[in-house]
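Peer 1: To start, I am sharing the structure in question, which I have written as structure tokens.
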Amino acid sequence: MSPSPRLLLPPGGAYASPMLRAPLRPSGLLALAVWSSAAAFAQEAQPQQADDPTGPPPDPIEVLGADAFPPDSGPLDAGDKGAVGTGELVRLGDLLRGDAEPTAKTQLDARVEQNTFYANTPVVGADFEWPEPSVLDLDVWNISGHIGGEQLSRTAISDNPGRLETRRILLGAGLRRPTSDGGLLLAEWNFESTHYRFDNAVDVISNSTQPIEDIVENRLGLHYQDAPERSFSLAGSFELALGSEPDAELADSMTVAGAVAGTWRPDPERPLGITVGAWATSELAEDVNVLPILGVEWEIDDRTRLGTSLRAARDFRPGLHQSAPGLILERDLGSATSAFLRARYRERHTRLDDLGPLPEGAFRERELQLAIGLDWSPGLEWGPLAGSWASFWVGSNVFRELTWYDSADNEFQTRDVDGGAVFGFAVRLAF
């Protein structure tokens, strides 16, 4: 909004409106006072003006006569010592009464005078650009947290009469920040506590009925992606994971994973892009594992989208694991509800403690999961709570493999686990 013209009265002198830009001579002040008194007298002397207070005020020239004012001197320079002209006084009165709209010139004059007398107060113009907030400024980050769980039904173990049931507890928190160029920066922490329940699995490892105890995994991740509407955009992810049994050494439990992918849109006007990249992870007992990322980013219509897990980080879905290869198809159903179909590949690496059948060994779990689910937002907002969501999904592990290693990082045993039903839920709150 443009500044409104006003009288500025700095110490040492009296100044008129921004359009005058010059000191008023005593004769000018006297003429202004006489004109104001005459206008009030004329308004009281005319009944029709009293009956109609919204009518036009009297013309000072008709009341006092043209000889009461010097000839119009036109616009005055800052150093002009001449008298104030009739036209300037009339315009001044109209502006003060609100009967005239300020022109571009009077607005500019107001800004000039404001800079002159208030030099320490900057005036922000239309072309001013505020500096981008610092990455360390938490006020520009969106904070969210989630809690959930996942149940894998009891399924058979290959070449063994035993069966395996798995339960997971999911916790996490995320910081999300849009960038000035339309991109997105996401930092997250995820926690998983996994309980493996073996039934009659006596020959999996050295006649042990419990080849592995409960394991705990903490992951710290950082993800970035360019604006998705660009003709060529990049997305990257980095994760550090610590997975171990309760009494294992954390220093020997660290693995890192990362992914980078580029999306190319042949026609920027069409919402279809081709994504090519690579995903890599270190392992506790073997070399780095590298997998390609091949997929599409496709806005099928206004309510349907198909994309990779790296791009789905814009929505921060619990349990999706943005750094791992995966695809997700989403459909907006309206009423704050959406449906999704996802395919996700995961690897978990765990350092074993010295109490089990393989002291200070390692354990690796691989799985490829297909799931269908719903996201629903009840619209709860209270105090610092800005939003809430609930997610439910069901599916199956179409591939699952368990591998044990001894303390010398030699492969000891590998077992496949049959596919079984998967049930999961998560509740997410945003602040």
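Read the figures in this text as sums done on the coordinates, not as results from a lab. Keep in mind that this is a model prediction, so the values were computed, not measured. Note that we place each Cβ from the backbone using ideal geometry, even for glycine, and neighbour counts take in every protein chain shown.
Peer 1: Using only the Cα atoms of segment 358-431, construct the convex hull and provide its projected area averaged over every direction, in square nanometres to one decimal. Let's see the in-between values first.
Peer 2: Working: hull surface 29.9 nm².
Result: 7.5 nm².
Peer 1: Could you list 376, 279 in order of exposure, starting from the residue whose Cβ has the fewest other Cβ atoms within 10 Å?
Peer 2: Values: 376 15, 279 23.
If I rank by nearby Cβ atoms, fewest first, I get 376, 279.
Peer 1: Based only on other Cβ atoms within 10 Å, what is the fewest-to-most ordering of 281, 255, 414, 350?
Peer 2: Values: 281 19, 255 22, 414 12, 350 26.
If I rank by nearby Cβ atoms, fewest first, I get 414, 281, 255, 350.
Peer 1: Across every pair of different alpha-carbon atoms, what Kirkwood hydrodynamic radius in Å does segment 198-309 reach? Walk me through the intermediate numbers first.
Peer 2: Details: mean 1/r = 0.0582 Å⁻¹.
One decimal place: 17.2 Å for the Kirkwood radius.
Peer 1: Relative to a virtual label point 7 Å from the Cα of residue 256 in the Cα→beta-carbon direction, which members of segment 262-302 show backbone nitrogen distances below 19 Å?
Peer 2: 278-291
Peer 1: Tally Lys and Arg at +1 and Asp and Glu at -1 over the other residues with C-beta under 12 Å from the C-beta of residue 324: what net charge comes out? Don't skip to the end; give the middle numbers.
Peer 2: Details: positive: 219, 342, 344, 346, 348, 366; negative: 239, 347, 367.
Summing Lys/Arg as +1 and Asp/Glu as -1 gives +3.
Peer 1: Through the Karplus equation 6.51 cos²θ - 1.76 cosθ + 1.60, θ set to phi - 60°, convert the phi angles of segment 290-304 into ³J(HN,Hα) values in whole Hz; use x for Gly and Pro.
Peer 2: 10, 10, x, 10, 10, x, 10, 10, 10, 7, 4, 8, 5, 10, 10
Peer 1: Same structure, new question: When all alpha-carbon pairs of segment 150-256 are counted, what percent fall beyond 19 Å? List each step's numbers first, then the result.
Peer 2: Details: 3492 of 5671 pairs.
Percentage above 19 Å: 62.
Peer 1: Return the sequence-ordered ³J(HN,Hα) values of segment 185-199 in whole Hz as given by the Karplus equation 6.51 cos²θ - 1.76 cosθ + 1.60 applied to θ = phi - 60°, using x for Gly and Pro.
Peer 2: For segment 185-199, the Karplus curve yields 10, 10, 10, 9, 10, 10, 10, 10, 10, 10, 10, 9, 10, 8, 10 Hz.
Peer 1: Got a sec? How would 405, 345 order by Cβ neighbour count within 10 Å, fewest to most?
Peer 2: Final ranking by Cβ density, sparse to dense: 345, 405.
Peer 1: Let me ask you something else. Taking the Cβ of residue 365 as the centre, find all other residues whose Cβ is under 15 Å away and add up their charges (Lys, Arg: +1; Asp, Glu: -1). Each step should come with its number before you reach the end.
Peer 2: On the way: positive: 167, 168, 197, 219, 344, 346, 348, 351, 364, 366, 400, 415; negative: 150, 165, 192, 213, 214, 217, 245, 283, 286, 347, 367, 401, 411, 416, 418.
Taking every Cβ under 15 Å from that of residue 365, the sum is -3.
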